[in-house]
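K.L.:
The structure's right below; bear with me while I get my questions together.
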Amino acid sequence: MSDSVIASFDVNGRSREVLVKSYHTLLEILREDLGLTGTKHGCELGECGACTVLVDGLPQLSCLLLPHQVEGKEITTIEGLAGSGDELHPLQEAFVETGAVQCGYCTPSMLLTAKALLEENPSPGRQEIAEALSGNLCRCTGYEAITRAVELAATRMEA
Amino acid sequence: MLRLRPFRYLRPMGAEEAAAMVAEFDGEAMLVAGGTDLVPKLKRRQMEPSILVGISHLEELRSLRSTPEGGMEIGAAITLAEVARDPALSAQYPGYAQAASLVSTPPLRNLGTIGGNLMVDTRCNYYDMTYEWRQAAGFCLKKDGDACRVAPARPHCWAVSSSDTAPVAIALDATAVLAGPEGRREVPVESLYQDDGIHYTTKQPYEVVTSLHFPPRAGWRSSYVKLRRRGSIDFPIGGAAVALAIEGDRIIDSKIVLSGVASHPVVAVGAASYLVGHSLDPELVAEVADHAAKPVKPLDNADLAYTWRKRMVKWLVTQAIYEAGK
Amino acid sequence: MRVVGKPLAKVDARAKVTGSTLYADDLIFPGTLFCKLLRSPHPYARIKHMDLNAAKAVEGVVAVITGNDLPVKYGILPISQDEHALESEKVRYVGDPVAAVAAVDEETAALAAEKIRVEYEVLDPVTSIEEALSEPVDEPIHDYGGPSNIHKMAALSFGNLEAGFAEADHIREDVFFYGGNTHLPMEEHSAIATYVDGKLTLWSSTQTPHYVHRAVSKVMGLPMSAIRVVATPHGGGFGGKTDPFSHEMAVCKLAMVTGKPVKCTLTREEVFYAHRGRHPVLMWVRTGMKRNGRITAMHFKTALDGGAYGSYGVATLFYTGALQTTTYDIPAYRFEGARVFTNKAPCGPKRGHGTPQPRFALELHLDKMAEDLGLDPVEVRRRNYVKPNTTTVNWLRITSCGLEEITDRVLQASSYVNRQRAVGHGMGFAVSSYLCGAGLPIYWNSLPHSECLIKLDRGGVTVYCGATDIGQGSDTVIATVVAEELGLWPSDIRLVTGDTGFAPVDLGSYSSRVTFMAGNAALDAARKLRNLIAEVAAESMGCSPGEIEVGDGKFGTLSFEEAAQLAQERFGAISTTGSYRPPDLAGPYKGSGVGPSPAYSYSAAVVDIDVDPETGIIKVNKVWLAHDIGRSINPVSVRGQVEGGVYMGLGEALMEEQAYRKALPKQPSMLDYKSLTSIDMPEVETILVETNDPEGPYGAKEVGQGPLLPVVPAVVSAVHDALGVWIDQVPVTPDKIMKALDAKTKGQAPRFGPKSFPDIAYPQYVKVDTPHVATQAI
């Protein structure tokens, strides 16, 4: 029996069918088969959150997801966060403005997690933001500017 | 990048078929639901199955409903996040919802299932390491080796039960439905565990947990208090689940279950019985907590000093009793 | 100022929020091979025999190399050239690389590496400072240094120590231990190399492309001119990517052997083995003080666990004794230190390099002396603060110094003086100081430390500078400086940085040197360009160049483009260059190379905590951090550095520790190595104080490292404030607090920490005449 399977799912609004190894994780498929290197990795064991993508709108860890688990699902990666054209998502704008981006390596995961948060809770408090981001480690910012960015984006998106 | 070794992934049509597949490839195949416990362990080569039988797609494992008797049935593939935010569950079984909300991290809870957390592998910081690390340290009894690295004196595995939800399920007298190739059986969650870090469960490897059944618990209060270093990510290094049936200000029934202190969730039978017939006064609570904590003997195989962890059990039980009694 | 000091977006932020920034592991070229290193499972062993045949036979394997293919030693410091990319005779820590495989994919490389058979003769590992100081069971780890496993010792004495102690009303000794910890950058180290037409190119997540360039040249036997090292956008450094590493050497060699691009990305566990993190340091300090709190003399001893190799360790050693004097005016000072080799992952520089450990000890020691004398700990510090424009007892030149002001501001903001006193609640205060760049380069030369080239043509302004943005925002600083001078926006400037092939040398992102040094080099080049353009613009407008107003995209009435075109019509192709070399600041003694800096930043912290006396669990409520930044080039970035420094300081104070089981890292994973999550992080209030340094670009000083330093002692001080116990060892875990409380209950000394300092046979100290004139009355 072949260990390759056809994985079919939507990525950033586009349906994809990819021949992949059945034991490759979504992280490998996105980065290596689809060239979507905006999804990062820091441990590959589900411990750091850097590889977070949205699966049907929910933050999940791509380093733990097997191809069968995402069959038919809608995946959003950082490359799909902004709309078409030059326009950034309000969260991206806010991250840029507040200095929430230092090395930038956790940034894609933070943005996607924050997007899911704001969809569920459009005006989260500081504690709710901290809870929501608590699976995504950052070593540069101390989470302070990231929290400010999410607050700023929430305010703007509410307005 | 740390990667998986090759395996085949099978996608059965139902729980019985899943069980049959695992039984057929005896020792070669493993069940996988969310994979949040299994996938890292595969990457670290703590388990080396050549076949994975996926079950998270099975609709029959996705029920979440009240039972006619007033209890609840929760499909094993319901995610921890779904449990944590379900209003009916939080109302009747707050301790269980609380425990689910404290497992690991938000993104992991969107993937990890309650069945998976119930059966989560026992943990030890000589065991939950990569192949290379374990090779350097010397392989342990639980995988590839012939001696326990924590307590080498006798051939017993001391890996620690690290489920947050199991102790609460036990405290609430939940049962689990297990599907085998030839049919199903329903067992108390409490009976799923035994005192052995390797063979920590009485469930057969091929048996699929399809659902959990919680009996009606109107008039009961439950709580779960978790000890860990950080506010997120970490496994429990101690935990206390408490369920109290209270009439007026008197406790008429109680159950206390500990996590993270032995190879199985530890039911503090004697301690809990002290509470019955009394109201929660500080002296009694201290006595009960002391009694519950006394037999616990943590070892140096989890985070922080084991002497401190031992000392914290009493505190955990105290907190959990007050939390439940609120 | 039009752009300097404004809260503008970082020039690389947009790419980072869209996921389009290409980090090292995101790079791939057609035909790329993947490399995996085989590492030693033994902390200390001789290699008897290696058999590569099974590995070479694996389908998809293209090359396997060992130490025999890379026989030349290297190391970051010229005096510690003690590493092989791949060891062929002896391994010195678990994780020491011994072979490298290149294969068609990473899985194949990993499988093949595992098939390499290595026969080891296991030696008795050295696992602690104490063991390293005693006679080794087997041969010493290295064939230099000594006696036993001592790597290097230092002994310096400034002023008349004995007289100082004789003058004191009170003398106190304390012992402290600072546990080692690691950088834990989110990005695992990665490197990819190509070898085309006899030219080697290495893209790597390094903080120091220039030093890697030199090391690669030495090891590969290629001239510097045949090598280009590109520092890719960085997923976090904190000092962890400042050494040349085995995987960098391996991909270079494998690219040369195979003729194909070769990439190697470490796993998280391998990052823990590569380490170069904070040295564990045992410290002893003895201070003499007058009744009024004035220090009369200080004797400071350190012992550093260096791990298996030299790395930056000699510098680290001297740093554990250097900056005590840049906050406090110490009239007589003696420092003795020793760095030892052990069979553990090599230690190196981490944020604050060698100074957080003594700062922790020093600040707590002063708290204790104040307590002994019944004095206010803040007042004791103030009584000893250094003054601006003075020279310290160990010949360090102090210029701008905002100690008094940051102290006032942080106390005021935090209401520290009027803090609420209750069991379980505490606040702690501490100050610190850090370098704005090391005054001397890693290897001896008199060349500029930073060089910058600006090209102006029809394509606009491009700045070339070797400086390396590791996320701290150095690209933004350079762009801002150039934009300020040319009347443009930072986003108008194209940058080519961290590239030894295209950009002139900058020594790298370490020692908090980039804003000060590369900033000054950029300023130099930009002003030259501005003068050229202004000269032509002035001619065209019929005024003098000095009358030309530059700003808002204009030179006088001309647009920048018009003025630039006139300048090119006049001069042809235009480029200007700028350089920065710090003034010669080293004192007249051997060992004076570590400590001098063209300026020092100052930080003061107040930490507010609750600590549960039943559990020892600490909850940090808030941190106030006042920082003397000189001047903020970009206040948003500066604030981010402060917050990040506070975060990392809290992590080191509370939980981060590179712990070992004998010689094996105990927790080489993101789960087990504890770093603060968003839930654990308190609010941080940042207070910036601008002292306008006379030599910094627009008066700017560093912020990348300094703000970490006072946080660690302030946490411990707050624990004492809350519970009356001293935790003289970090990280301050709850079990340590409970042990100290137990001791207090039993009527023993209410503390947790090391009990003694080993008897080390330091060499006879070098007695140094001091330039020092006390700035505070004794």
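The values are calculated or read from the model by the stated rules, or taken from the named source; none is laboratory data. No experiment lies behind these values; they were computed from the predicted model shown. In this analysis, Cβ positions are derived from the backbone assuming ideal geometry, glycine residues included, and neighbour counts consider all displayed protein chains. With ligands, DNA and RNA removed, areas are computed over all heavy atoms of the protein, side chains included. Shrake-Rupley method; radii C 1.70, N 1.55, O 1.52, S 1.80 Å.
K.L.:
In chain C, which cysteines lack any other cysteine Cβ under 4.7 Å from their own?
P.N.:
C:C252, C:C347, C:C401, C:C436, C:C543
K.L.:
Would you mind working out the magnitude of the charge dipole of segment B:30-97 relative to its Cα centre, with +1 at each Lys and Arg C-beta and -1 at each Asp and Glu C-beta, to the nearest 20 Debye? Mind dumping the intermediate values first?
P.N.:
Values: 7 positive and 8 negative charges, 87 e Å.
For segment B:30-97, the charge dipole is close to 420 debye.
K.L.:
In square nanometres, what is the average projected area of the Cα convex hull of chain A? Numbers along the way, then the final one.
P.N.:
Working: hull surface 36.8 nm².
In nm², the orientation-averaged hull projection of chain A is 9.2.
K.L.:
Follow-up question, since we're still on this one. Give the dimensionless ratio obtained when the Cα radius of gyration of segment B:162-257 is divided by 2.2 N^0.38 Å.
P.N.:
Here the Cα radius of gyration is 1.23 times the empirical estimate.
K.L.:
Related question: Non-local amide H neighbours of C:A99 (under 5 Å, H modeled in plane, Pro and chain starts lacking H): which ones?
P.N.:
Counting only residues 5 or more places away or on other chains, the set is C:L38.
K.L.:
Could you run the Debye sum over the Cα atoms of chain B, one equal point scatterer each and no solvent, and tell me log10 of I(q)/I(0) at q = 0.16 Å⁻¹, two decimals?
P.N.:
Reported log10 I(q)/I(0), two decimals: -1.39.
K.L.:
In Å², what does the accessible area per residue of chain C work out to with a 1.4 Å probe? Numbers along the way, then the final one.
P.N.:
Numbers: 24120 Å² over 778 residues.
Accessible area per residue: 31 Å².
K.L.:
Looking at chain C, I'd like the Rg to Rh ratio, where Rg is from alpha-carbon atoms and Rh is Kirkwood's inverse mean 1/r. Mind showing how you got there, number by number?
P.N.:
Values: Rg = 26.5 Å, Rh = 27.1 Å.
When Rh is taken as the Kirkwood radius, the ratio is 0.98.
K.L.:
Under 17 Å Cα-Cα from B:K143, which aspartates and glutamates qualify once same-chain neighbours fewer than 8 residues away are excluded?
P.N.:
Output for B:K143: B:E28, B:D37, B:E48, B:D121, B:D128, B:E132, B:D196.
K.L.:
I would also like to ask the following. How big is the shadow of the Cα convex hull of segment C:103-192, averaged over all directions, in nm²?
P.N.:
Working: hull surface 50.0 nm².
Across all orientations, segment C:103-192 yields a mean hull projection of 12.5 nm².
K.L.:
Calculate, in whole percent, how much of the Cα-Cα pair population of segment A:90-158 lies beyond 20 Å. Spell out each step's value before the answer.
P.N.:
On the way: 289 of 2346 pairs.
The answer is 12 percent, as a whole percent.
K.L.:
Going by accessible area, probe 1.4 Å, with all protein chains left in place, what is the ranking of C:E379, B:E73, largest first?
P.N.:
Ranked list, largest accessible area first: C:E379, B:E73.
K.L.:
On average, how much area does the Cα convex hull of segment C:447-580 cover when viewed from any direction, in nm²? Don't skip to the end; give the middle numbers.
P.N.:
On the way: hull surface 30.8 nm².
Averaging across all directions leaves 7.7 nm² for the Cα convex hull.
K.L.:
Turning to a different aspect of this structure: So, taking all protein chains as they sit and a 1.4 Å probe, how much accessible area belongs to C:W726, in Å² rounded to tens?
P.N.:
For C:W726, the solvent-accessible surface is approximately 20 Å².
K.L.:
Counting only protein heavy atoms and rolling a 1.4 Å probe, how much accessible area do C and B lose on contact, total for both sides, in Å² to 100?
P.N.:
Accessible area lost upon association: around 2900 Å².
K.L.:
List, in the order given, every pair from C:K36/C:K199; C:K344/C:K701; C:K10/C:K619; B:K310/C:K344; C:K662/C:K736; B:K43/C:K619 whose Cα-Cα distance in the structure shown is over 26 Å. The partial results should precede the final answer.
P.N.:
Working: C:K36/C:K199 23 Å; C:K344/C:K701 35 Å; C:K10/C:K619 33 Å; B:K310/C:K344 30 Å; C:K662/C:K736 20 Å; B:K43/C:K619 35 Å.
Long pairs (Cα-Cα over 26 Å): C:K344/C:K701; C:K10/C:K619; B:K310/C:K344; B:K43/C:K619.
K.L.:
Name the GluC sites (Glu not before Pro) in segment C:1-100 that are in a loop by DSSP and that have at most 15 other C-beta atoms within 10 Å, would you?
P.N.:
On the way: sites: C:E59, C:E83, C:E87, C:E89; in loops: C:E59, C:E87, C:E89.
Of the GluC sites (Glu not before Pro), the ones in loops of segment C:1-100 whose Cβ has at most 15 other Cβ atoms within 10 Å are C:E59, C:E89.
K.L.:
Which lysines, if any, have their Cα less than 25 Å from the Cα of C:K16, not counting same-chain residues under 8 positions apart?
P.N.:
Result set, ordered by chain and number: A:K40, A:K115, C:K6, C:K241, C:K263, C:K350.
K.L.:
A follow-up question, please. Quick one: Karplus J couplings for segment C:216-233, per residue in order, coefficients 6.51, -1.76, 1.60, θ = phi - 60°, nearest Hz, x for Gly and Pro?
P.N.:
4, 4, 5, 6, 7, x, 10, x, 3, 5, 9, 10, 10, 10, 10, 7, 6, x
K.L.:
Any of B:K314/C:K674; A:K21/B:K142; B:K142/C:K674; B:K142/B:K203 with alpha carbons more than 22 Å apart? Name them for me. Present the calculation step by step, with values, prior to reporting the outcome.
P.N.:
Details: B:K314/C:K674 25 Å; A:K21/B:K142 29 Å; B:K142/C:K674 25 Å; B:K142/B:K203 18 Å.
Check vs 22 Å cut-off fails for B:K314/C:K674; A:K21/B:K142; B:K142/C:K674.
K.L.:
Still on this structure, I have one more. How much of the accessible area of chain C, probe 1.4 Å, is carbon plus sulfur, in whole percent? Please report the intermediate quantities before stating the final value.
P.N.:
Numbers: 12140 of 24120 Å².
Looking at chain C in its full context, I get 50 percent from C and S.
K.L.:
Restricting to DSSP H runs of at least four residues, report the calculated mean residue ellipticity at 222 nm for chain C, -39500 (n - 2.57) per run over all residues, nearest 500 deg cm²/dmol. List each step's numbers first, then the result.
P.N.:
Values: 18 runs with 204 residues, N = 778.
Value at 222 nm, helices only, nearest 500: -8000 deg cm²/dmol.
K.L.:
Quote the total accessible area buried by chains A and B together, excluding ligands, DNA and RNA, probe 1.4 Å, nearest 100 Å².
P.N.:
Details: alone 8410 and 14500 Å², together 20180 Å².
Protein heavy atoms only, the A-B interface buries about 2700 Å².
K.L.:
C:V712: accessible area at probe 1.4 Å, nearest 10 Å²?
P.N.:
0
K.L.:
Which log10 I(q)/I(0) values does the protein assembly as shown give at q = 0.06, 0.07, 0.09 Å⁻¹ under the Debye formula, counting every alpha carbon as one identical point scatterer?
P.N.:
Normalising to I(0) and taking log10 leaves -0.51, -0.70, -1.18.
K.L.:
Please list, or write none, the aspartates and glutamates whose alpha carbon is within less than 14 Å of the alpha carbon of C:K755, excluding same-chain residues fewer than 8 places away.
P.N.:
Correct list for C:K755: C:E130, C:E173, C:D174, C:D728.
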